[in-house]
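A.B. asks: Please find one structure pasted underneath; my questions will follow.
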Amino acid sequence: MSSTSGTSLCRLAGFVVLAGLISFTVMYFWTSPLTICQSLQPTLKKKNSEKSNNSLPVAKEEKPILLLWFWPENYFFDFSDCKTFYNYDGCELTDDRSLYSNADAVLLFHKAISWDLSNLPPSPRPLFQKWIWFNVESPTNTEKKPGLENLFNLTLSYREDADIPVRLRLTTNKKAEAFEIPKKEKLICWIVSNNSPHTGVNTRNSYFHELSKHVYVHTYGKAYGTFLDYKDYYPTIASCKFYLSFENSIHKDYITEKFNGPLAAGTVPVVMGPPRRNYEKFVPGDAFIHVDDFPDPKSLAEYLKQLDMDDDAYHRYFNWRTHLSARPHLILQNQEFILAICTACDHVGRHKEYREAHDIYEWYFN
């Protein structure tokens, strides 16, 4: 072999070795990142699938906390009733006072507040927190406890101008429906549980006393010594052509379950309370009879007896049922305040804005 051939072979061998080293280096750096990415991919996929099916996790919004500071009249109920009865589920309702500092709102029942205010929550309250004055009694039956005037920034009441008005309202039928009037066995009925003079009942009692001179009224309830079982409440009202929906005191918007009961049961309410135009804010004018429409109780008695003899005229008081419905209210004793508390929960869930404190007594009594 010549020296020239040897040199060529050496060069060729060197070139092959160098090409091999270069190829090995390129392949190493080309394949390594893919291997690393592939090893991470299953971990990332698992992490995302635990949070959401989407590419980005979705944060769950927490419900505001409404703290029930007092149980009204110690009538306890299950907080899930708000969802069950009214489909209200907008807040976290609790009576756990240890959550006070975190509560978005505190519901305070007026009748349960002591005169010296010693059983109120700690003060000063958190700046973000709302205090709700909870009172569904009329001004006649509301004690004016000193020192409460400017503690609250929300009001819960039967009043329509309250921050949180509480009322069962008529609902609109999706289509016209025929209403079957229940079978009637009695002309006039009245259920009275409380007849204490201090509640302002003198006006209605005087009117009833005069009315009963001219027409018989079937009376029920503890006030007349004949306790009516809860299961018999609606059937008894439904069996009467007319029901005396007499409020214990007369104030703006003070229209209670005494009016809703006969509407739901299929009976014509004879009302005593605020003026007729106030009732007509909530129900059609031909759904009830107002005592103010007659000069005296005797004239009312004569009209009711006339309607008893005229089916067509009586049936016209149910024309509104073609396009509207009345929902029965809850009647068990421990259910008395459920609607109000659940309505407050619904409001807190819907309204996040803050309200300044205002004088509740200036608003409520004047």
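A.B. asks: Assigned by TED's automatic domain parsing to the domain that holds residue 296, surrounded by fewer than 19 Cβ atoms within 10 Å (Cβ to Cβ) and under 30 Å from residue 323 (Cα atoms) - does that describe any residue in segment 204-226?
C.D. replies: No, every residue in segment 204-226 fails to be assigned by TED's automatic domain parsing to the domain that holds residue 296, surrounded by fewer than 19 Cβ atoms within 10 Å (Cβ to Cβ) and under 30 Å from residue 323 (Cα atoms).
A.B. asks: Would you check if there is a residue in segment 309-320 being of a type in the set (Asp, Glu) and in contact (Cβ under 8 Å) with a residue 40 or more places away in the chain?
C.D. replies: No, the conditions are met nowhere in segment 309-320.
A.B. asks: Do you know which residues across segment 158-203 are in a strand (DSSP E or B) and more than 23 Å from residue 343 (Cβ to Cβ)?
C.D. replies: Correct list: 186, 187, 188, 189, 190, 191.
A.B. asks: Would you be able to tell me the number of residues in segment 161-178 that are surrounded by 13 or more Cβ atoms within 10 Å (Cβ to Cβ) and among the charged types (D, E, K, R)?
C.D. replies: Residues that pass the stated criteria total 2.
A.B. asks: Sort out which residues of segment 258-282 are more than 20 Å from residue 184 (Cβ to Cβ), assigned to a helix (DSSP H, G or I) and in contact with an Asp or Glu (Cβ under 9 Å, 6 or more places away or on another chain), and write them in order of number.
C.D. replies: 276, 278
A.B. asks: If you don't mind, there's one more thing I want to ask. Pairs, please: C-beta under 9 Å, at least 6 apart or cross-chain, first residue touching a residue at least 12 places away in the same chain (Cβ under 8 Å) and basic (Lys, Arg) and in segment 290-304, second part of a helix (DSSP H, G or I) and crowded, with 19+ Cβ neighbours inside 10 Å?
C.D. replies: Sorted first by the residue in segment 290-304, then by its partner, the pairs are 298/211.
A.B. asks: While we're here: Is it the case, given these coordinates, that residue 282 is surrounded by fewer than 21 Cβ atoms within 10 Å (Cβ to Cβ) and under 20 Å from the mean Cα position of the chain (by Cα)?
C.D. replies: yes
A.B. asks: Still on this structure: Among (1) buried (at least 18 other Cβ atoms within 10 Å of the Cβ); (2) of a type outside the set (Asp, Glu); (3) in contact with a strand residue (DSSP E or B) (Cβ under 9 Å, 6 or more places away or on another chain), there is one condition residue 138 misses while meeting the rest; what is its number?
C.D. replies: It is condition (3) that residue 138 fails.
A.B. asks: With touching a residue at least 60 places away in the same chain (Cβ under 8 Å), surrounded by 17 or more Cβ atoms within 10 Å (Cβ to Cβ) and among the aliphatic types (A, V, I, L, M) as the only criterion, which of 181, 132 stands out?
C.D. replies: Result of the check over 181, 132: 132.
A.B. asks: Take residue 314 and decide whether it is in contact with a helix residue (DSSP H, G or I) (Cβ under 6 Å, 6 or more places away or on another chain), of a type in the set (Phe, Trp, Tyr) and assigned to a helix (DSSP H, G or I).
C.D. replies: Yes, satisfied.
A.B. asks: So the check is Cβ under 6 Å with 6+ separation or different chains; which pairs have a first residue in segment 155-167 that's under 18 Å from residue 348 (Cβ atoms) and touching a residue at least 40 places away in the same chain (Cβ under 8 Å) and a second one that's surrounded by fewer than 20 Cβ atoms within 10 Å (Cβ to Cβ) and aromatic (Phe, Trp, Tyr)?
C.D. replies: 166/158
The values are calculated or read from the model by the stated rules, or taken from the named source; none is laboratory data. Everything numeric here is computed off the predicted structure, so don't read it as measured data. Heads up, the Cβs are rebuilt from the backbone with ideal geometry, glycines too, and the neighbour counts pull from every protein chain shown.
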